[in-house]
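Reviewing the structure listed below.
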Amino acid sequence: MTDCQDKSVDSREDTDESGMPQSMAVCMDKFARTFEASARRWELVVYPSMLAFIILAAYGFFLIYSLSNDIGRLANSMDTVVNSMDHVAVNMTAVSGNVALMSGNLTHIATDTGEGTRSMKDMLVSLDRMNTTMAVIAVPMYQIRNDMGRMSSNMQQVAGPMKIIPW
């Protein structure tokens, strides 16, 4: 047991002026000093902790405030995006109609190529005939060139004495 509990409370000689035993007063004084020292230690821990909590709470409030502002701006931006998407949807409908029209035109072109192929075959036959005709014409053209060369030679012999005329 502690020294405060060892002494008897019933003895009248150890009392002070308030009527309490002196040992009890000593124990209470010791308890008060111990409690005061313990309170100081807790003050060294609790007050800085409270200050850190207040700073963290203020920073948390700032983060929540910033987040709510950012979400507001994001919502406004999303409204703009939604409006733009409405225009895109309208334009996509027009694009879809144009693609369907192009598909019909390509089907028509695919059908027309059969007639074009036949026309190309006819043109090929005509070009082949022209080639044959040009080969046939080339022989008389060669003969005409030779005849012109001989005629030029004959004209030079006949015109030889006329070179003395100045004109």
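Structure above, values below:
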quantity: Matching option when the condition is modelled with pLDDT under 85 and among the basic types (Lys, Arg), among ARG118, ARG129, ARG73; calculated: ARG118
quantity: Flag for ALA75 being among the aliphatic types (A, V, I, L, M), in a helix (DSSP H, G or I) and surrounded by 10 or more Cβ atoms within 10 Å (Cβ to Cβ); calculated: no
quantity: Test result for GLU36, at pLDDT below 85, exposed (fewer than 11 other Cβ atoms within 10 Å of the Cβ) and on the phi < 0 side of the Ramachandran plot; calculated: no
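The values are calculated or read from the model by the stated rules, or taken from the named source; none is laboratory data. Bear in mind the structure is a predicted one, so any value in this text is a computation, not a measurement. Backbone-built Cβ (ideal geometry, glycine too); neighbour counts: all protein chains shown.
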